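Worksheet: one structure, shown below.
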Amino acid sequence: MLDTQSILDVLKPVQDPELQKSLVELNMIRNVAVEGGNVSFTLVLTTPACPLREFIVEDCKKAVQTLPGVTSVNVDVTSETPQQQPSLPDQNSVAGAKNIIAVSSGKGGVGKSTVAVNIAVALAQTGAKVGLLDADIYGPNVPTMLGLENTEVQVEKNPAGDILQPAFNYGVKMVSMGFLIDPDQPVIWRGPMLNGIIRQFLYQVNWGELDYLVVDMPPGTGDAQLTMAQAVPMAGAIIVTTPQTVSLQDARRGLKMFEQLGVNVLGIVENMSYFIPPDAPERSYDLFGSGGGEKTSKELQVPLLGCIPLEIALREGGDHGVPIVMSAPESASAKALTAIAQNIAGKVSVAALA
């Protein structure tokens, strides 16, 4: 006889591929309804960016269809992103932000901001609520990359502290030091002032509800990284590098820094893996070497989240304020960045539910 319990029983062996646990035990199967031979239920994923969504739905349908009397199966898919919990006594969560992801690099010039911007937009394209905090106070390039360089942000006066309204484009809320200074004005600050502005960007911005707050970190292992690790519970850090030896050397230092600070390293992203010439897209050239990211990930026992080719359209997207995942979604670099974003979302869910 078809009933709610028989449906749940047959779905128990179906697992979430990332979490390696039963969908039923994880309470991801809800609102089971049976009308004659018609079965319907809600599948609640841990991220709207789940890359295996269709496979999970198909596994659920196949399992239910093994029951006698089933004539149709309807699966309504939604998501609830888990909340990252503080790991240190003095950490304070950012109101409304479920998961904070740091995008960092050991050295400058490896395309860290390009990766951060495109990951944020790619996550937003899946339906996730996304914020982007430009913590590179000395070199705030994110407004240009998001097409927001001439935006005037609003500040609401409040006795408890002024509240900044984030700018918005491509489904992403964003704040940056670039909104608060003139284009050619250098930021000549010591550590305490840097610490102060990052905390303001965390706690005095009207972020609203966010599944993911992506933080574009400055390069290196300095004050900004320390502030983030100590101030807020982070879902994890991503290390961006190129295949070049000097870049990999600095990437290793950056990775070890996050590990020493108790921050989960989600993995390594190898940018500029190879060059694809626009007049010969079937060819590729290893301008900065090859295999460095994979070798480093194996040596340090962290995942290689993906490799991004170097294309002219990728650079043009950053200069013109249209990220390549928007301007050329079928390009090799856009596909790589989208896959990386989905990979990150999956690992964040695993970390939050571990």
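The values are calculated or read from the model by the stated rules, or taken from the named source; none is laboratory data. Quick caveat, the model's predicted, so the values are computed rather than measured. A quick note on method: Cβ atoms are made from the backbone with ideal geometry, for glycine too, and the neighbour counts reach across all protein chains shown.
If the condition is being closer than 25 Å to ALA224 by Cα and out of contact with any strand residue (DSSP E or B) (no Cβ under 6 Å at 6 or more places or on another chain), then segment 260-278 contributes GLN260, LEU261, GLY262. When segment 321-349 is filtered for residues that are closer than 18 Å to LEU132 by Cβ and not hydrophobic (A, V, I, L, M, F, W, C), the ones remaining, listed by number, are GLY321, PRO323, SER327, THR338, GLN342.
The condition of being closer than 29 Å to ARG252 by Cα and in a loop (DSSP other than H, G, I, E, B) holds for only one of PRO140, PRO183, PRO159, that being PRO140. Within segment 205-262, the set of residues being within 19 Å of the chain's Cα centre (by Cα), of a type in the set (Asp, Glu) and either crowded, with 18+ Cβ neighbours inside 10 Å or not assigned by TED's automatic domain parsing to the domain that holds LEU133 (or both) comprises ASP211, ASP216. From the list GLN15, GLN91, GLN83, the one residue that fits, being touching a Lys or Arg at 6+ places or on another chain (Cβ under 8 Å) and under 26 Å from GLU209 (Cβ atoms), is GLN83. Residue-level analysis places LYS173 outside the set of residues that are assigned to a loop (DSSP other than H, G, I, E, B) and under 17 Å from MET217 (Cα atoms). Criterion applied to VAL175, VAL94 was being touching a helix residue (DSSP H, G or I) at 6+ places or on another chain (Cβ under 7 Å) and either assigned by TED's automatic domain parsing to the domain that holds VAL214 or under 19 Å from LYS347 (Cβ atoms) (or both), and the one residue passing it is VAL175. May I ask you to list the residues in segment 302-354 that are out of contact with any Pro (no Cβ under 8 Å at 6 or more places or on another chain) and of a type in the set (Lys, Arg)? Matches in segment 302-354: ARG315 only. Applying the set (1) more than 30 Å from GLN85 (Cα to Cα); (2) surrounded by fewer than 22 Cβ atoms within 10 Å (Cβ to Cβ); (3) modelled with pLDDT of 85 or more to GLU299 leaves exactly one unmet item: (1). Could you tell me whether any residue of segment 132-148 is in the same structural domain as VAL215 (by TED's automatic domain parsing), of a type in the set (Ser, Thr, Tyr) and surrounded by fewer than 19 Cβ atoms within 10 Å (Cβ to Cβ)? Checking segment 132-148: at least one residue is in the same structural domain as VAL215 (by TED's automatic domain parsing), of a type in the set (Ser, Thr, Tyr) and surrounded by fewer than 19 Cβ atoms within 10 Å (Cβ to Cβ).
Are any of the residues in segment 331-340 of a type in the set (A, V, I, L, M), surrounded by fewer than 24 Cβ atoms within 10 Å (Cβ to Cβ), farther than 17 Å from ALA124 by Cα and touching a residue at least 24 places away in the same chain (Cβ under 8 Å)? Taking every residue of segment 331-340 in turn, at least one turns out to be of a type in the set (A, V, I, L, M), surrounded by fewer than 24 Cβ atoms within 10 Å (Cβ to Cβ), farther than 17 Å from ALA124 by Cα and touching a residue at least 24 places away in the same chain (Cβ under 8 Å). One residue stands out in segment 200-230 among those that are closer than 27 Å to GLN154 by Cα and part of a loop (DSSP other than H, G, I, E, B): the one that is modelled with the lowest pLDDT, namely PRO218.
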